[in-house]
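First comes the structure, then the notes that go with it.
Every number in this text was worked out from the coordinates using simple rules, so none of it is lab data. Fair warning: this is a prediction, and the values are worked out from it, not measured in the lab. Glycine also receives a Cβ, built like all others from the backbone with ideal geometry; neighbour counts cover every protein chain displayed.
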Amino acid sequence: MVKLYDGGVFLLNGETLVPAAEAPARLDAQADPQEAKKGTMAYSILQAHNTSGSMESLRLRFDAMASHDITFVGIVQTAKASGMTEFPLPYVLTNCHNTLCAVGGTINEDDHMFGLSAAKKYGGVYVPPHMAVIHQYMREMHAGCGKMVLGSDSHTRYGALGAMAIGEGGGELVKQLLRDTYDIQYPGVVAVYLTGKPQPYVGPQDIALAIIGAVFQNGYVKNKVMEFVGPGVSSMSTDYRNGVDVMTTETTCLSSIWRTDGDTKAYLEAHGRGADYQELNPAGIAYYDGCVQVDLSSIKPMVALPFHPSNVYEIDALNENLPDILREVEKEAARVSGGRAGYTLTDKIVDGRLHVQQGVIAGCAGGNYTNVVEAANALRGKSCGAGEFSLAVYPSSQPVFLDLTKKGFVADLMEAGAVVRTAFCGPCFGAGDTPCHNGLSIRHTTRNFPNREGSKPGNGQMSAVALMDARSIAATAANGGILTSAQALDCWGSVPEYAFDKGVYDRRVYQGFGKATGEGLVYGPNIKDWPQMGALTENILLKVCSKILDPVTTTDELIPSGETSSYRSNPLGLAEFTLSRRDPGYVGRSKEVDKLEKARAAGEDVTALEPGLQKIYGLIRSIPGQENTQPAETEIGSVLYAVKPGDGSAREQAASCQRVIGGLANITQEYATKRYRSNVMNWGMLPFQLEGDPAFEVGDYIYVPGVRTALDKAQSALTGYVLKDSGVQPISLCLAAMTENEREIVKAGCLINFNRQRAGR
């Protein structure tokens, strides 16, 4: 079904795979990996967007950017504080996350009005609430062959349209707005070689989950580009490919790109953008750092059980082993809840079948035209039932909704008992359709992380999500909520051609690129500026304020999604929720440290404010070479330890919330994603990695001397000192490769400070 190659591969004429180990015997002596890597599609696109002159150290400029209403206020505020006067590239501001103006008074609509005023002032594109989810709008209106797009949402993926797209924290978008670059080392490129054709009952989510299940745990494509090649690409429509492509984010890859063909061209022409088409294929010989070979015809309907998209099973295999598999999920649920809420699944087995409480088809993954049509075909003339099961369907844009309505598919769904709603990303992150306590929701959305669906174990509430394709969700709905594979029905493949109506956007979307008015920004009372952050000192003192030993810590655990979204324009207000679902005591501990740092910066004697520091500084002065260390010259900050933080969302608030209440560093074994590590640095925190197990506990202090000097010298290895009653214990810390600008940003204290210093402000 899915095969991973051990080592690199050569691809000949887009058809024949040759493992690198066999190349000397099978290929011409000229088959050099360094030369042949230039034959990938990724190489040519990166080369066209690189400004550094070196393909090893890339400095990229993008063709367009996109943000939604959880992130764009902070990005605009940061860029404004850094001296921005106009958007230098098309920047799309969508309102698909804080869409519902129902929580927090006027807060969400105030953010929307801020976005509209920013589009007018700086020359941007403003997509009003309910019009489109961010990625569907970009597919329809901006993504094109050979382009690069940057977005402040982790699922920024338009590879199926021939565009390399990257989801990053807001700081990276600010750099583009200031005409700076996105700086990375040339990434590895992994071929995803597709053969065969999906079965009629298999959807894009099934293909995506099979790939995620094969590559996530082993990190096979982490921070690499996934390049989709092979004859199987053309067995899928472009709309179908989009559904696979958007889920590549869950592999932890950096970006994706697909070869293009006549169907890609037809898709772009149907959207009035035929000029954005160009044929993309690997060169006659192309070298890849690995290969994921997928026989599409062998993929079966899949399900990703709680609490990660990689927890994958074939639906038939799950149904054959329900008690054993579900008991394992219950064990993980107990760990996730920490005893604060109970959650069970085996009680949902009735007469040997699993009964679920909710189905949702929504967002950039599930709300695509093809998926909704197939769901309607499955439910036509049937009923979802009048029991506990419910089904909600969210078409991904108003043009999609309009065409589904004209063709009668919306009526088919509604007549079956489904509720059809406007474009909204809420079900993906807990701002809509939160299931009942102890409920199980099956969703064609992007993620099923713990409590991402909106439940609150701290309040005794616990529910969970399993990811499935729209086809199997519809089959389950037709069966009254009994988990059912799409293979059980014979109604698939009858999908009429989609008719895109751009007039929907012409009448409502503000198109302001290149038309900056300079008008004032419209601020609501919840929109706050970023607080001041100080520059890094030579020596630092860190207090451990949280220690998380879970194998992976998601961004949803670092800063919850859902109900906190209304505070995303209020840095200090949002920071109150930091780690609230994982370590509720963290905020109080970090704020106490922040009080000490603010006092130190104001010239006060921190050892008088916190008598315990007198002993700490006595221990510091016992370290050779640190005899003259002075509290007044030593920055104090909190530090979070986590084994592998940052899996999931690109939202920068996962890092900024730590920073604004005193965070000065993360210590990890590794970072789950590049984007989270970038956020840490852009917010002026040190991205330490630890060699070995942590020899410290919450409440301990860690002293790290010579930090600024280490950054100046691009020094990776540092020695820190854990300060305990028993004495001083050295620990080995590492700063993995940082660009020159990243080092300067951390020294300045944050990206805003760095930009102000460059501008002489």
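Cα axis of helix 612-621 to longest principal axis of the chain: angle in degrees, 0 to 90, nearest 10?
The angle comes out near 80 degrees.
What whole-number volume per residue, in cubic angstrom, does the convex hull of the C-alpha atoms of the stretch 315-503 give?
104
What ³J(HN,Hα) values, in whole Hz, does the Karplus curve 6.51 cos²θ - 1.76 cosθ + 1.60 give for the stretch 507-514 when θ = phi - 60°, with x put for Gly and Pro?
8, 10, 8, 7, 9, x, 4, x
How much of the pair distance distribution for the stretch 233-353 lies past 19 Å, counting alpha-carbon pairs only, in percent?
65
When ranked by the protection proxy of mean other Cβ atoms within 10 Å per residue, highest first, what sequence do the peptides 199-211, 36-48 form?
Taking the mean over residues of other Cβ atoms within 10 Å, the ranking is 199-211, 36-48.
When only alpha-carbon atoms are used, what values of Rg and Dmax, in angstrom, describe the stretch 561-663?
When restricted to Cα atoms, the stretch 561-663 yields Rg and Dmax of 16.4, 50 Å.
Testing the spin-label approximation: label points 7 Å from Cα along Cα→Cβ at Arg335 and Leu27. State their distance in nm.
About 4.0 nm separates the two model spin labels.
What do you get for the angle between helix 586-601 and the principal long axis of the chain? Use alpha-carbon atoms, 0 to 90 degrees, nearest ten.
40
Above 20 Å lies some portion of the pair distances; for the stretch 1-109, what is it as a whole percent of all C-alpha pairs?
Summing the P(r) tail past 20 Å for the stretch 1-109 gives 65 percent.
Given the alpha-carbon gyration tensor of the stretch 539-759, what are the semi-axes of its equivalent ellipsoid in whole angstrom, ordered largest first, with each equal to the square root of 5 times an eigenvalue?
The three semi-axes for the stretch 539-759 are 26, 19, 18 Å.
Kindly express, to the nearest 10 degrees and within the range 0 to 90, the angle between helix 204-215's C-alpha long axis and the longest C-alpha principal axis of the chain.
Rounded to the nearest ten degrees, it is 40.
In 10 Å bins starting at zero, report the fraction of Cα pairs in the stretch 371-446 per bin as a rounded %.
18, 50, 29, 3
So what is the relative contact order for the chain, in percent, with contacts set as C-alpha pairs under 8 Å and at least six apart?
In percent, rounded to a whole number, it is 14.
What is the set of long-range amide H partners of Val419 at a cut-off below 5 Å, with H atoms built 1.01 Å from backbone N?
For Val419, the qualifying residues are Leu391, Ala392, Val393.
Could you work out the helix-only [θ] at 222 nm for the chain, with each DSSP H run of four or more residues adding -39,500 (n - 2.57) and the total divided by the number of residues, to the nearest 500 deg cm²/dmol?
Value at 222 nm, helices only, nearest 500: -8500 deg cm²/dmol.
Identify all aspartates and glutamates with a Cα-Cα distance to Lys615 below 20 Å; exclude those on the same chain that are fewer than 8 residues away in sequence.
Glu592, Asp594, Glu597, Glu604, Asp605, Glu627, Glu633, Glu635, Glu697, Asp700, Asp725
Report the full-extension gain for the segment Asp347 to Gln630: residue separation times 0.36 nm, less the Cα-Cα distance, to one decimal in nm.
Taking Asp347 through Gln630 to full extension adds about 95.8 nm, to one decimal.
What lysines sit close enough to Lys120 to cross-link, taking a C-alpha to C-alpha distance under 30 Å and skipping anything fewer than 8 places away on the same chain?
Here the lysines satisfying the reach criterion relative to Lys120 are Lys80, Lys147, Lys175, Lys502, Lys515, Lys528.
Along the Cα-to-C-beta direction of Asp324, a point sits 7 Å from the Cα; which residues of the stretch 1-20 have their amide N less than 18 Å from that point?
none
Evaluate the chain: find the radius of gyration of its Cα atoms, find its Kirkwood radius, and give the ratio Rg to Rh.
Here Rg/Rh amounts to 0.97.
Taking the Cα atoms of the stretch 23-87, what is the range of coordinates along each of the three principal axes, in descending order and whole Å?
58, 25, 15
If amide hydrogens are placed 1.01 Å from N in the peptide plane, which non-local residues have theirs closer than 5 Å to the one on Ile667?
Distant-sequence amide H within range of Ile667: Leu640, Tyr641, Ala642.
Report P(r) for the stretch 64-182: all Cα-Cα distances, bin width 10 Å, range 0 to the bin holding the largest distance, values in whole percent.
The calculated distribution, bin by bin, is 15, 48, 31, 6, 0.
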